[in-house]
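A short write-up of the structure that comes next.
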Amino acid sequence: MGIAKNPNKVLLVITVFSKSEKLIEESKKVLEKKFGEVSKESSIFNFNETNFYEKEMGSDLKLQIFGFKKLISPIKLANIKVITNKLEKKLHKFAKKHLNIDENISRSINLDPGYITPNKFVLATTKDASHRIYLKKGIYAEATLSYMHKAWKEHSYTYLNYKNKDYQDFLTILRDYLKNKYKKD
């Protein structure tokens with residue numbers, strides 16, 4: 001029989017995408033006020049693997065991934081998703097007022113929180129599916145990528161952008177950062 005124990009702390013990761021690089025910059029400031037200092041941030045990628053968001057957000061989306069310095073309990077993921085959903089609305093209002101976004105855009109930013117452990121990358125979502133586990137407050141989680149044999153392994157349901165080698169290379173940097181934090185703590 002296994003012995004139940006508390007999970008190790010994990011590295012909070014938030015993927016942000018928008019038409020506006022200025023709004024992505026603003027979101028970083030807002031996220032740092034809420035979740036603490038960003039320890040690592042990716043380059044800005046073109047988010048062109050899907051046109052799913054085009055109707056509400058427009059085309060030519062940019063994406064950046066932030067890894068946070070302070071480790072969190074994975075139990076907090078659902079609460080963090082609820083918070084980032086509220087922040088999306090506040091940032092949209094900010095963008096309408098200060099960044100002259102297109103009036104046809106009903107959503108100017110997407111904030112996708114998740115976390116990294118040494119063996120997986122987990123994302124939170126409000127959408128149920130056969131591979132997702134319910135957490136609480138209408139939030140589900142999925143292991144978007146698994147880390148095995150020194151590489152990220154995709155699943156049939158992995159979002160197309162997370163199949164991108166550049167994204168995975170950055171997630172490996174975050175994974176290495178986490179492993180070094182474990183050694184220091």
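Of the residues making up the stretch 78-122, those that are among the hydroxyl-bearing types (Ser, Thr, Tyr) and touching a Leu at 6+ places or on another chain (Cβ under 7 Å) are Thr84, Ser108, Tyr115. Residues that are closer than 19 Å to Gly114 by Cα, in contact with a helix residue (DSSP H, G or I) (Cβ under 9 Å, 6 or more places away or on another chain) and among the acidic types (Asp, Glu) within the stretch 15-54 comprise just one, Glu41. When the stretch 131-166 is limited to residues that are part of a loop (DSSP other than H, G, I, E, B) and in contact (Cβ under 8 Å) with a residue 60 or more places away in the chain, the one that is nearest to Lys76 (Cα to Cα) turns out to be Tyr159.
Scanning the stretch 149-161 for residues that are surrounded by 14 or more Cβ atoms within 10 Å (Cβ to Cβ) and modelled with pLDDT under 95 gives Tyr159, Asn161. Applying the condition of being of a type in the set (S, T, N, Q) and modelled with pLDDT under 95 to the stretch 84-107 and asking which residue is nearest to the chain's Cα centre (by Cα) yields Ser106. Being of a type in the set (Phe, Trp, Tyr) and assigned to a helix (DSSP H, G or I) is the requirement here; does Phe170 meet it? So Phe170 fits the description; yes.
The values are calculated or read from the model by the stated rules, or taken from the named source; none is laboratory data. Just so it is clear, the model here is predicted, and its values are computed rather than measured. We place every Cβ from the backbone using ideal geometry, glycine too, and count neighbours over all the protein chains shown.
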